[in-house]
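A short worksheet on the structure shown next.
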Amino acid sequence: MKLMLVNTSSGLKPAYDKDFDEKKKLKIGETYIADIKLVRNPKFHRLFFSLVNLSWEYLDEKNQKGFKNNVELWRKYLIAAAGYVDVFWSPRQKEYVEYPKSISWEKMDEAEFHDLYDRVRDIVFAIIGNKVSKEEFDNILANY
């Protein structure tokens, strides 16, 4: 069970109705272990995916075909290019290969995510920088 909690002066309180319903399942007098993490900023999370999607639109048709016309492959490429990868031995290729790590809420905290965003943004501009200025791109991204 996962609960989103808000720290108040009177203690931790469920953040949403769903969390309140889950908390009601906990028995009074029982001892529980909690893993407390600061939740990533959901607006910043959406901004990351807007960055990926908008930068995809700036790729020409040839480059999009290189990613099989799949924005998800583009997203994974950007994450891997930013160095956020797991390395494993591929028995089929007979070499070590890199695979982009998960950027799920549970796997990455706010600071890591911000660092990834900055690195991906730099990679995007290295690729599409000749088509749009950073200022123009940021203005479009803000309204995306």
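The values are calculated or read from the model by the stated rules, or taken from the named source; none is laboratory data. Only a predicted model underlies this, so the values are computations on that prediction, with no experimental measurement involved. Reconstructed Cβ throughout: ideal geometry from the backbone, glycine too, with neighbour counts over all protein chains shown. Note: accessible area is taken over every heavy atom of the protein model, side chains too, but ligands, DNA and RNA are not part of it. Shrake-Rupley method; radii C 1.70, N 1.55, O 1.52, S 1.80 Å.
A few remarks follow.
- Residue check, LYS2 free of Cβ contacts under 8 Å to residues at least 24 places away in the same chain, closer than 25 Å to ALA142 by Cα and open to solvent by 80 Å² or more (accessible area, probe 1.4 Å): no
- Residues of region 113-141 that turn out to be open to solvent by less than 80 Å² (accessible area, probe 1.4 Å) and either part of a helix (DSSP H, G or I) or without any contact (Cβ under 8 Å) to a residue 12 or more places away in the chain (or both), as a count: 18
- The residue that is surrounded by the fewest Cβ atoms within 10 Å (Cβ to Cβ), counting only those in region 49-75 that are under 14 Å from the mean Cα position of the chain (by Cα) and closer than 17 Å to ALA126 by Cα, is ASN53.
- Selection of region 36-78 for residues being of a type in the set (D, E, K, R), under 30 Å from TYR16 (Cβ atoms) and in contact (Cβ under 8 Å) with a residue 12 or more places away in the chain yields LYS37, ARG40, ARG75.
- Residue list for region 96-110, filter: part of a loop (DSSP other than H, G, I, E, B) and charged (D, E, K, R): LYS101, GLU106, LYS107, ASP109
- Hits in region 8-32 - residues which are exposed (fewer than 10 other Cβ atoms within 10 Å of the Cβ) and under 22 Å from MET108 (Cβ atoms): none
- Search result, residues across region 86-112 that are open to solvent by 70 Å² or more (accessible area, probe 1.4 Å) and within 18 Å of ASN41 (Cβ to Cβ): TRP105, GLU106, LYS107, ASP109, ALA111, GLU112
- Cross-chain or 6+ apart pairs with Cβ under 7 Å, region 79-95 first and in a loop (DSSP other than H, G, I, E, B), then not acidic (Asp, Glu): ALA82/LEU116; ALA82/ARG119; ALA82/VAL120; ALA82/ILE123; GLY83/ARG119; TYR84/PRO100; TYR84/LYS101; TYR84/LEU116
- Of all the numbered requirements in (1) among the polar types (S, T, N, Q); (2) over 21 Å from ARG121 (Cβ atoms); (3) within 14 Å of the chain's Cα centre (by Cα), ASN41 misses one, and that requirement is (2).
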